[in-house]
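Derivation of every value follows stated rules applied to the coordinates shown; laboratory data play no part. Bear in mind that the values here come from a model prediction, so they are computed numbers and not experimental data. Note that each Cβ is placed from the backbone with ideal geometry, even for glycine, and that neighbours are counted across all protein chains shown.
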Amino acid sequence: MFTNFPNNMPTDAELASQVLAEESRYRFASFDSADALALGLSIRKRFRSSSRHVKGKGLVVSIQTIAGHTLFSCTVGDLGHPTGFGDNVSLDSWACLEGMISVVRRISHSSFYVEKGMSAMGKTPKQLGIEGDFRICGGAFPIWLENAPCCPIAIAACYSGSSQEDHNLVSTTVRDYLAKQRRESQTFQPTLPPESVIQPSARHDNTAEWHAEQTNDYDQSRLEYVESPTFRHEE
């Protein structure tokens with residue numbers, strides 16, 4: 001009965017390709033602790049304005065360097081809240097988040113890309129060598145520098161229990177943050193003063209006239225010198 005409806009859902013292979021395209025586009029000129037703070041707060045703010053937060057979902061966020069140094073960390077929601085707000089925020093949430101970050105450190109790609117790419121190829125975590133404490137689900141996104149294509153410099157990650165929504169939350173926040181940086185760099189780009197037009201001074205004019213006078217004098221003196229009677233031959 002419903003077989004004639006078109007299937008517009010992207011395949012796992014298409015989703016994996018989209019994530020790779022995002023990683024290649026979203027590159028930072030530089031990334032420091034101030035950027036991590038601003039990016040982490042943007043992720044938190046975006047989630048708090050989402051329908052998932054209104055429905056009582058919680059979130060854990062972490063931004064770390066590729067070496068494991070924590071630059072930003074926060075929780076949206078409380079464990080054991082009487083209203084059930086933030087019901088998925090727990091110690092296990094942090095364990096899942098760390099497992100996703102470990103995947104990015106191991107593969108150097110988004111955890112969502114690993115999840116969808118593995119599914120598209122029909123591979124298992126054991127075949128990829130990411131068993132144990134690794135957590136293969138979306139939400140951890142690599143931070144790349146424009147001039148350092150060898151490996152990511154940091155990882156931005158969040159976990160709320162929804163693989164694709166967590167990935168979209170981080171990737172769109174990274175995209176918008178980079179767009180804001182570009183706008184600000186164009187707005188505050190220093191401009192050079194207008195080129196000044198040098199007007200010829202009276203001294204230059206006088207010098208030019210002096211050269212002209214000297215030339216005329218020289219020509220006249222040369223004619224007089226040639227026509228001098230001293231050099232005339234008289235028989």
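Of all residue pairs spaced 6 or more apart or on separate chains, those with beta-carbon atoms under 6 Å, a first member in the range 119-148 that is in contact (Cβ under 8 Å) with a residue 60 or more places away in the chain and part of a helix (DSSP H, G or I) and a second member that is buried (at least 20 other Cβ atoms within 10 Å of the Cβ) and among the hydrophobic types (A, V, I, L, M, F, W, C) are Ala120/Ala16. Looking across the range 131-177, the residues that are out of contact with any strand residue (DSSP E or B) (no Cβ under 7 Å at 6 or more places or on another chain) and hydrophobic (A, V, I, L, M, F, W, C) come down to Phe134, Ile136, Cys137, Ala148, Cys150, Cys151. For the range 13-59, a residue qualifies if it is within 30 Å of Gly122 (Cβ to Cβ), assigned to a helix (DSSP H, G or I) and of a type in the set (Ser, Thr, Tyr), and the qualifying residues are Ser17, Ser24.
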